[in-house]
1. So what does residue 171 come to for accessible area, using a 1.4 Å probe and Å² rounded to 10?
2. For segment 272-314, what is the Kirkwood estimate of the hydrodynamic radius, computed as the reciprocal of the mean inverse distance between distinct Cα atoms, to one decimal in Å?
3. Which cross-chain or sequence-distant (5 or more) residues have an amide H under 5 Å from the amide H of residue 136, H modelled 1.01 Å from N in plane?
4. Any idea how far the Cα center of segment 107-142 sits from the one of segment 73-92, in Å?
5. Please work out the C-alpha center-to-center distance from segment 320-393 to segment 210-249 and express it in whole Å.
6. If you plug each phi of segment 3-18 into the Karplus form 6.51 cos²θ - 1.76 cosθ + 1.60 with θ = phi - 60°, what whole-Hz ³J(HN,Hα) values come out, in order, with x for Gly and Pro?
7. How do 358-367, 122-131, 79-88 rank on mean C-beta neighbours within 10 Å, highest first?
8. Scan around residue 94 for amide H atoms under 5 Å from its own, H built in the peptide plane at 1.01 Å from N, and keep only partners 5 or more places away or cross-chain.
Amino acid sequence: MSHSTFYNKITETFHWFHQNPELPFEEYETTGRIREFLEYHHIHILDLDLKTGLAAEIQGAEEGPVIALRCDIDALPVGEETQLPYASASAGKMHACGHDFHTTVMLYVAKKLQEQREHLHGKVKILFQPAEESSVGALEVIKTGVLDDVEAIYGLHIEINQPVGSVGITSGSVTAAVDRFIVRLTGKGTHAAHPQDGIDPVLTASQIVTLAQSIVSRNLDPFSQGLLSITRISAGNTWNVIPQTAELEGTVRTMGRHNRRLMEERFRTLVQHIALSQGAEAEIDWFAGPPATDNAPCFEPVASAAATELGLEITVPSPSLGGEDFAFYQEMVPGFFIHIGTGESYPNHHPKFQVDTNALEPAVDYFAALAQKTLIAIKSGELIPVQREASDD
């Protein structure tokens, strides 16, 4: 197949996924399109108990290790404003984080590995995971047991503001642990003209908003990374009544286990004591999301070698306090999360976000080569997949 023919086919596939975004656990048409592509190219689809998403496998002619490649397939509740000719056809839904790119890349990696299976030294499973944006899609895939025989796993993500032809490779923590909280405050409602007769939950909430920032500035090591953001406040419904209740919601992001525990402990203590000081009551719901991605250093040499052999530029991605449920796989299997440069763009999750389709082909070549090199390296004993000890900050 000529370069121009391949480019036309892969961009046509990408355009379809971009035009047809579906939200987490609603990716029915997306899953159907993936299945159709795999069946057309005679790629074995695993029988997994998944509502959306699926997994395929390519068995090499030679026996050997089992590794996995993972992509995500869901979109976001964002209205697209790119004016692209292949813009989203679904109002209020958009692939604003590159999952359409990830899916397209892994479909063509599967096709390439299937065509080269006589030279494949083991088995490659490719996971088309639903609901990454919900932070729990990976857990649904893990429940199926598809990772039970897997020795190593790779994930990918687009990297805006990095040039096409670049690959972001680094060991250690790449994305943050993600936790969410809701604080419900109960005071005593009263007339706004008579505050002495009530307990003001709005004042209590305001003090929490301000003092919660002291956890980052005064309890975390200044050289470590973490944040606490209160993103929603709800209280009252009129101008002359001090309400009975108030509610706060937000998120905590950390890069290591120690700081993750510390942030939750300090937040709970601070909220309860502020509420007590005002005579209010506080109820805290804490929702633990994925841990920090933690790339095992043993994979860095083979990941770098695959990029160098293809003439790709190697960059070192900056750590991000964004979350990534690929980290759940890394708790099960040694793994490595890799970034692919897709050119200048508006930020992820922005209505004008877009990727350069010229990045598709080098990404396919890279992950196909990486899979082959990893199988050979594990089989020869050159690479021994070892789980990295998670950071304690």
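The values are calculated or read from the model by the stated rules, or taken from the named source; none is laboratory data. Note that the coordinates shown come from a computational prediction; the quantities given were computed from them, not determined experimentally. A quick note on method: Cβ atoms are made from the backbone with ideal geometry, for glycine too, and the neighbour counts reach across all protein chains shown. Keep in mind that these areas ignore ligands, DNA and RNA; they rest on the heavy atoms of the full protein, side chains included. Shrake-Rupley method; radii C 1.70, N 1.55, O 1.52, S 1.80 Å.
1. It works out to around 40 Å².
2. 15.2
3. Distant-sequence amide H within range of residue 136: zero hits.
4. 25
5. After rounding, the separation between the Cα centres reads 34 Å.
6. 4, 5, 5, 4, 4, 4, 5, 5, 6, 4, 5, 4, 4, 4, 4, 5
7. Top of the packing list down: 122-131, 358-367, 79-88.
8. Excluding prolines and chain starts, which carry no amide H, the hits are 76, 78.
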